[in-house]
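Have a look at the structure below, then the notes.
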Amino acid sequence: MATVTAEGLKKFYGSVSALNDVSIKIDEGKLLTVIGPSGSGKTTLLRAIAGFVKLDEGRIYLDDEDITDVSPEKRNISMFFQNYALWPHMTVYDNVAYGLKLRKYPKKEIDERVRWALSLLDVEGLEDRKPNQLSGGQQQRIALARAIVVEPRVLLLDEPLSNLDAKIRLRIRFEIKALQQKLKLTTLYVTHDQEEALSIADEIAVMHEGRILQMGTPQEIYTRPSSLFVADFVGINNVIGVAVSNGGVRLGEMFIPVEKKSDGQEAVIVFRADEVRLAKEGTDAEPDEYAFGGVITGKLYMGSRYRYEIAVSDKTKVIANSPREFALNDRVTLCVKRDRVFVY
Amino acid sequence: MKKHRVALWLLKVAAVCFILFVIIGPLIGVVLWSFAIKWYWPHIIPQVMGVRYWMDVFHRGRVLDSILLSLEIASIVVVLSLVIAAPAAYGFSRYKLPLEKFLLVIFLMPQAFPQLPIFINIAAVFARHSLTGNMWGIIFVHTMASLVFSVWIITATFRSIPEELEQAALNLGASRFKTFFTITLPLAIPGLIASAIFVFLWSMGEFTGAFFIGAPYIQTAPVMMYTAAMGYNMQTASVVALILMIPSIAFMIIIEKYLKAEYIGGLGG
Ligand SMILES: Nc1ncnc2c1ncn2[C@@H]1O[C@H](COP(=O)(O)OP(=O)(O)O)[C@@H](O)[C@H]1O
Ligand SMILES: [Mg+2]
């Protein structure tokens with residue numbers, strides 16, 4: 001296992017910049033998730049680390065070794081391909097044993113290791129099948145077995161769950177995490193699903209148009225998104241456009257001073273529906289909260305709580321989740337922790 | 001409703017009969033001719049039948065020799081065309097080569113112009129280098145001309161193999177060389193076989209080039225057949241035609257067996 005460091009990676013395809021000054025670091029045995037919408041450069045980043053992309057600029061290190069110019073077959077970095085890339089003319093056994101044979105292990109040890117990997121991934125007994133005789137989930141596991149059986153220094157996973165049914169996706173997510181921790185694999189995990197990323201990662205990097213917008217723990221990314229794009233991507237549901245005036249932005253009675261922008265400029269106020277505490281009208285806010293009033297205009301029952309649509313002014317509506325029950329047209333006070341409201 | 005179905009059924013039967021007639025009809029004629037000893041118009045079947053011409057073909061050296069010669073030429077042409085086309089096709093499919101268009105056009109050349117003047121010209125050039133009247137001149141011409149099919153077929157085959165299958169091998173530590181021989185080539189076998197069959201059958205049946213470059217010293221089977229038919233020796237021509245069908249039928253069986261849809265279908269992963 002090794003630490004991966006990438007510094008200032010740049011890659012242009014014509015005028016498209018697939019990687020634009022990307023730097024990341026994955027500590028030994030940790031799992032870094034890269035999330036971003038389709039086309040943001042995630043696969044290109046993985047392929048660069050695997051050695052399949054010739055970089056225009058930047059260096060990649062494994063521990064202290066500069067591997068930027070090392071050819072892919074000499075890196076000992078295993079990549080899991082988004083569409084599995086199992087070899088259709090080989091049996092499952094031969095697929096998994098391929099890397100071991102190249103490393104010239106004795107036959108008996110190859111047998112043992114293949115069996116170990118298949119049992120680890122819970123797919124014993126498929127040795128003699130061809131890939132096209134397997135279900136999608138089985139193919140996914142075989143591809144994973146093939147990648148880890150060679151004991152790579154780094155594991156790269158390109159959207160490993162994207163081709164699976166929603167049902168098994170959740171289960172395999174936990175299994176991958178358990179496997180990664182058990183084998184202490186330094187792992188780079190690419191996905192476009194923010195929930196998947198938050199649940200599995202030690203650290204998250206949010207990517208957009210070839211840049212890393214923010215890097216941090218899942219908690220940091222979730223609670224303190226550094227930009228509107230990140231906030232939107234991690235699922236913040238109240239994004240309210242306002243104009244700056246008197247040195248700040250206003251939503252109902254809530255006033256937030258803004259330093260970076262001057263009067264007349266556009267700004268957005270951002271907070272989660274889950275972060276709102278709904279109370280009867282006239283309730284005092286805690287010292288660390290903002291409070292503002294509104295009228296309930298919509299109500300959805302969601303099992304453990306209600307989701308309300310609340311009109312704060314003529315034009316502005318916000319969404320709030322609360323276990324407390326209110327009726328339509330009730331006047332309420334919305335309280336939000338000051339450090340959970342962001343202005344961009 | 002029922003009438004409808006009967007009409008449809010009749011139509012189907014008629015269609016099948018027509019197809020059988022078009023395909024089998026001439027074939028029956030050829031088979032009859034190969035066994036005919038005496039067959040004058042307006043008799044529908046030969047008056048006297050026998051295996052004399054079949055015996056002749058296998059006993060009299062010239063006919064059998066020309067068939068063997070054709071087989072030999074076709075086999076060598078297949079090997080040469082694969083050896084030349086496979087690397088070229090791999091290059092076309094995987095790398096942005098400079099002059100790619102130009103090179104592809106060169107491969108197209110031999111088929112792009114009317115064949116007759118080309119072969120006459122080639123024959124004249126070959127005569128100066130003592131390549132006429134022997135097998136190697138024909139092999140050379142057949143190989144050049146067949147590269148059109150083989151390069152295109154094999155390029156398409158390599159293109160259909162996802163690059164990621166190769167990258168997965170590199171990723172696990174295989175050299176480019178090893179990757180080609182353990183991943184790419186085995187996956188391309190259906191295309192290579194298809195190309196080989198195509199080239200083989202084409203070479204077996206090619207007349208013009210073999211005629212101008214080989215005749216009169218050596219005769220491939222098609223040339224032999226032509227001369228026999230021109231001499232109103234329909235029997236010998238028919239026997240040779242039937243014998244020449246054997247490789248075609250053999251290849252059809254091979255295709256059935258090895259180019260199963262599931263094998264090709266598996267390529268997508
Ligand atoms: N081989 C390539 N040739 C040209 N453009 C490419 C190539 N690979 C990726 N790109 C472009 O680079 C950008 C990033 O692609 P990619 O890394 O695949 O994104 P993601 O995996 O996040 O969806 C996209 O705009 C894509 O079109
Ligand atoms: Mg991708």
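Within the stretch A:35-51, residues that are assigned to a helix (DSSP H, G or I) reach partners that are among the basic types (Lys, Arg) and more than 8 Å from ligand 2 (Cβ to nearest atom) with beta carbons closer than 6 Å, at six or more positions or on different chains, in the pairs A:44/A:11. Determine if the stretch A:53-75 includes at least one residue that is within 14 Å of another protein chain (Cβ to nearest Cβ), away from ligand 1 (no atom under 12 Å from the Cβ), surrounded by fewer than 18 Cβ atoms within 10 Å (Cβ to Cβ) and of a type in the set (Gly, Ala, Ser). Yes; the residues of the stretch A:53-75 include at least one that is within 14 Å of another protein chain (Cβ to nearest Cβ), away from ligand 1 (no atom under 12 Å from the Cβ), surrounded by fewer than 18 Cβ atoms within 10 Å (Cβ to Cβ) and of a type in the set (Gly, Ala, Ser).
On the stretch given as the stretch A:274-288, residues that are buried (at least 17 other Cβ atoms within 10 Å of the Cβ) and within 31 Å of the chain's Cα centre (by Cα) total 4. Could you look through the stretch A:37-52, keep only residues that are within 12 Å of chain B (Cβ to nearest Cβ) and not aliphatic (A, V, I, L, M), and pick out the one that is nearest to the chain's Cα centre (by Cα)? Across the stretch A:37-52, the extreme among qualifying residues is A:43.
When the stretch A:18-52 is filtered for residues that are closer than 26 Å to residue A:235 by Cα, within 15 Å of ligand 1 (Cβ to nearest atom) and either touching a Phe, Trp or Tyr at 6+ places or on another chain (Cβ under 6 Å) or small (Gly, Ala, Ser) (or both), the ones remaining, listed by number, are A:18, A:33, A:36, A:38, A:39, A:40, A:41. Please go through the stretch A:160-209 and pick out each residue that is within 16 Å of ligand 1 (Cβ to nearest atom), farther than 16 Å from residue A:138 by Cα, in contact with a helix residue (DSSP H, G or I) (Cβ under 8 Å, 6 or more places away or on another chain) and not polar (S, T, N, Q). Correct list: A:188, A:189, A:190, A:192, A:196, A:197, A:204, A:206, A:207, A:208.
The helices (runs of 4 or more DSSP H) falling completely within the stretch B:156-269 that include 2 or more residues that are at pLDDT below 85 and within 14 Å of chain A (Cβ to nearest Cβ) map to B:261-265. When we screen A:144, A:161 for residues that are more than 12 Å from chain B (Cβ to nearest Cβ), in contact (Cβ under 8 Å) with a residue 60 or more places away in the chain and buried (at least 18 other Cβ atoms within 10 Å of the Cβ), the only hit is A:144. Taking the criterion of being of a type in the set (Gly, Ala, Ser) and surrounded by fewer than 20 Cβ atoms within 10 Å (Cβ to Cβ), the only residue of the stretch A:103-123 that qualifies is A:119. Screening residue A:23 against (1) assigned to a loop (DSSP other than H, G, I, E, B); (2) surrounded by fewer than 22 Cβ atoms within 10 Å (Cβ to Cβ); (3) of a type in the set (Gly, Ala, Ser) leaves a single unmet condition, (1).
To keep it simple, each residue is scored yes or no on (1) within 16 Å of ligand 2 (Cβ to nearest atom); (2) of a type in the set (A, V, I, L, M); (3) crowded, with 22+ Cβ neighbours inside 10 Å.
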position: A:100; (1), (2), (3): no, yes, yes
position: A:125; (1), (2), (3): no, no, no
position: A:129; (1), (2), (3): no, no, no
position: A:139; (1), (2), (3): no, no, yes
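When the residues of the stretch A:151-173 are filtered to those that are among the β-branched types (Val, Ile, Thr) and either in contact with a Leu (Cβ under 6 Å, 6 or more places away or on another chain) or over 21 Å from residue A:47 (Cβ atoms) (or both), the one that is farthest from ligand 2 (Cβ to nearest atom) is A:168. Note on the stretch B:33-65: among residues that are of a type in the set (Val, Ile, Thr) and within 11 Å of residue B:239 (Cβ to Cβ), the one that is surrounded by the fewest Cβ atoms within 10 Å (Cβ to Cβ) is B:51.
The values are calculated or read from the model by the stated rules, or taken from the named source; none is laboratory data. Since the model is a prediction, treat every value here as computed from it, not as a measurement. Cβ coordinates were reconstructed from backbone atoms using ideal geometry, including for glycine residues, and neighbour counts include every protein chain displayed.
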